[in-house]
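Remarks on the structure that follows.
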Amino acid sequence: MNFINTGIKAVILDMDGVLWKSNEPLCDLNELFQKFRANHLQFLFATNNALRTVAQYVEKFKSLGVQVSKEQILTSAIATGYLLAKDFPHGGPIYIMGSPALEATLKEYGFTFTEDDPIAVVGGLDPNVSYDRLKKASLFIQSGVPFYFTNTDPTYPTPEGLCPGAGTFLAALETASGVKAKIAGKPMPFLFEACLQRTGTLPEETLTVGDRIETDIIGGFRAGCKTALVLSGVSSSSDLEGLTRKPDFILENVMQLFD
Ligand SMILES: [Mg+2]
């Protein structure tokens, strides 16, 4: 594809399955980022994984030999903060069941944490989940407190294999409470909307790149962005067959953006 004729000014990249697989880079990241810069393209990274903080992602890039800034990285924790701030512009006390990284992010958006009388229940992948926290969250939700969740990914990849993801915890709470959560991460548009807030570009001037159709591509459609599916991760070309709307670009790997 050729950026010059597409009007694209910013690129939002998923990370796992696009830039790397676990700890193995899928391309020369230095070369890729230099190409973005040489073509005057802003580039950001957007992931549903809220287990790591932005600072930890910066470290991950560093370990792979590339420098990125904190402002370039957005997780579903940030999408959750963005969505909550839309609904509760003045912040307030929330009941949280999630990772320390999610807590730290929501604090930055003006939310505090409470065990009684929350304005919202917010959930995500909680590495320290207990029956007690699930129970409390479920009781609040049943009493009518608005219910938010970072993302729906049932699993996430680790060197040990697929481990229980946010969706596993979401299923537990939705089952217990009988209420569906408002979702912040992909395939909802909010993570991409938070990215657009940073790039200052219009959706149609922005390309989202991802390896998973159900999250990256559908989320890109909903946000009104252009979309590129890379076949270096989860989804394969046969997964495209049933789709009524296809991604704008289908690439073997992310480097092909510049072929
Ligand atoms: Mg991915």
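The values are calculated or read from the model by the stated rules, or taken from the named source; none is laboratory data. Keep in mind that this is a model prediction, so the values were computed, not measured. Neighbour counts are summed over all protein chains in view; Cβ atoms, including those assigned to glycine, are modelled from backbone coordinates with ideal geometry.
Things to note:
- Test: residue in the stretch 150-169 that is over 24 Å from T215 (Cβ atoms), in contact (Cβ under 8 Å) with a residue 40 or more places away in the chain and of a type in the set (A, V, I, L, M, F, W, C): no
- Selection within the stretch 81-138 - touching a Pro at 6+ places or on another chain (Cβ under 8 Å), under 22 Å from C195 (Cβ atoms) and of a type in the set (A, V, I, L, M, F, W, C): F111, L125
- Filter result for K136 (in contact (Cβ under 8 Å) with a residue 40 or more places away in the chain and basic (K, R)): yes
- Checked against (1) crowded, with 17+ Cβ neighbours inside 10 Å; (2) more than 18 Å from the chain's Cα centre (by Cα); (3) under 18 Å from L19 (Cα atoms), L229 passes all but a single condition, namely (2).
- Of all residues in the stretch 197-216 being free of Cβ contacts under 8 Å to residues at least 60 places away in the same chain and closer than 19 Å to P247 by Cα, the one that is farthest from the ligand (Cβ to nearest atom): L202
- Looking only at the stretch 1-51, and only at residues there that are within 16 Å of the ligand (Cβ to nearest atom) and among the acidic types (D, E), the one that is nearest to G220 (Cα to Cα): D14
- Residue check, Q72 in the same structural domain as A194 (by TED's automatic domain parsing) and not hydrophobic (A, V, I, L, M, F, W, C): no
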